[in-house]
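The values are calculated or read from the model by the stated rules, or taken from the named source; none is laboratory data. It should be emphasised that the depicted structure is a prediction, and the values quoted were computed from it without experimental measurement. Because the Cβ atoms are built from the backbone with ideal geometry, glycine has one as well, and the counts that use them run over all protein chains shown. When the accessible area is computed, the model is the full protein with side chains, heavy atoms only, and any ligands, DNA or RNA have been set aside. Shrake-Rupley method; radii C 1.70, N 1.55, O 1.52, S 1.80 Å.
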Amino acid sequence: MQYQHLLERCKKKDASAQRILYDLFKARLMGLCRRYAKSREDAKDMLQETFIKIFSKIEQVTDSAKLESWMKSVAVRTAIDHYHKSRKADQSLYTSTDYDIAGIDTEDILAHLSDEFLITIINELPSGCRMIFNLFEVEGYSHTEIAALLNITEGTSRSQLHHAKYLLKEKLNRIGIKRYEKLA
């Protein structure tokens with residue numbers, strides 16, 4: 001979808017255009033914020049901060065075809081900023097690599113669960129695990145990129161991802177969701 005006219009109006013600080021842009025993207029960006037936030041209220045705060053950043057920096061967008069991906073990256077960066085702020089208060093990064101996660105088929109399991117249920121169990125992960133799980137599995141960042149974004153080592157990123165998968169597997173097992181074989 002082309003948003004060139006809307007983008008130009010937003011660059012001119014047109015409040016009605018900003019409202020239209022907000023209405024068009026608030027649900028998608030709220031979903032992204034929910035994946036990173038500990039609670040719905042934290043996600044709302046992230047979303048508000050995301051749109052403040054979007055409207056203050058929208059002149060950076062030169063191609064309307066890239067508007068949505070740029071907005072998503074602003075939301076991810078905002079989530080990372082929130083993570084860094086909360087990390088100072090909660091130094092609970094787990095760094096052990098003692099868990100065997102070879103049997104976890106994340107894509108198969110995740111494809112059969114509701115979004116709200118997934119958000120709920122992912123939000124129960126420790127903050128470091130949750131952040132890295134989302135960046136790697138959902139957003140597609142590499143461990144090298146995650147390490148740079150979060151100021152950690154690649155090994156810590158890998159370990160946190162493995163621990164997140166282990167915790168998710170344990171949670172799913174406790175509620176009766178076992179690994180299954182694909183149907184032929």
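Here are some notes:
- For H5, the accessible area of its heavy atoms, probed at 1.4 Å with every protein chain present, is near 130 square angstrom.
- Relative contact order of segment 1-76: 41 percent, from C-alpha pairs under 8 Å at least 6 residues apart in sequence.
- Separation of the E145 and N173 label points, Cα + 7 Å toward Cβ, nm: 3.2 nm
- Violating pairs (Cα-Cα greater than 26 angstrom) within the set K38/K169; K66/K165; K44/K66; K13/K85; K53/K171: K66/K165; K13/K85; K53/K171
- Here segment 1-70 is assigned +1 on the Cβ of each Lys and Arg and -1 on the Cβ of each Asp and Glu. Its dipole about the Cα centre then comes out at about 120 debye.
- Heavy atoms of L47: accessible area, 1.4 Å probe, square angstrom to 10: 20 Å²
- Radius of gyration (Cα atoms) of segment 1-82, expressed as a multiple of 2.2 N^0.38 Å: 1.04.
- Relative pair counts by distance (%), Cα atoms of segment 20-62, 5 Å bins: 5, 25, 29, 23, 13, 4, 1
- Solvent-accessible heavy-atom area per residue, rounded to whole Å², over segment 24-84 at 1.4 Å: 47 Å²
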